[in-house]
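Chemist: Quick one: this structure, given as structure tokens, is what I'll be asking you about.
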Amino acid sequence: MNVQVIERDGQAEYAVLPWAEYQELLVAAGRQPAARASVPVSLEPPAFDLANLRRLREARNLAPEQLARAIGISPHYLAMIESGEREPDQAIHRALVRVFAAPAEGQPG
């Protein structure tokens with residue numbers, strides 16, 4: 001059997017094994033083989049309404065400089081995105097999603 005053991009704090013926590021061997025273990029235990037589940041993976045960033053970016057930023061009481069620093073761009077470039085003059089690339093888009101998906105400071109998560 002080809003098993004990889006993943007440890008945490010020196011203790012075995014997970015065992016990873018090939019799918020076929022997992023299926024054999026299920027059969028040996030008297031269970032039905034598992035259907036292979038697939039999780040769709042998107043390379044596109046989640047939808048984010050850039051038209052409301054300034055309003056969202058202001059609702060979070062974030063200064064343009066704070067948001068720009070948090071997503072790794074200049075305040076000038078952020079202003080261009082907020083005005084619709086520029087479209088952010090995927091990395092900036094993901095950073096915006098990450099910032100606004102997090103609970104606002106002082107708000108319950």
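Chemist: Name the residues in region 82-109 that are assigned to a loop (DSSP other than H, G, I, E, B), at pLDDT 90 or above and not small (Gly, Ala, Ser), would you? Reasoning before the result, please.
Modeler: Here is the first cut: in region 82-109, the ones assigned to a loop (DSSP other than H, G, I, E, B) are 83-89, 102-109.
If we keep only those that are at pLDDT 90 or above too, we end up with 83-89.
Within region 82-109, GLU85, ARG86, GLU87, PRO88, ASP89 qualify.
Chemist: If you don't mind, another one. Only one of (1) hydroxyl-bearing (Ser, Thr, Tyr); (2) assigned to a helix (DSSP H, G or I); (3) at pLDDT below 90 fails for SER38. Which number is that?
Modeler: The number of the failed condition is (2).
Chemist: Oh, and also: Give the number of residues within region 56-86 that are of a type in the set (A, V, I, L, M, F, W, C) and more than 23 Å from the chain's Cα centre (by Cα).
Modeler: Taking region 56-86 first, the residues of a type in the set (A, V, I, L, M, F, W, C) are 56, 59, 62-63, 67-68, 70-71, 73, 78-81.
Now narrow it down to the ones that are more than 23 Å from the chain's Cα centre (by Cα): 63, 79-80.
Of the residues in that region, 3 qualify.
The values are calculated or read from the model by the stated rules, or taken from the named source; none is laboratory data. Values in this document were obtained by computation on a predicted structure and should not be read as measured data.
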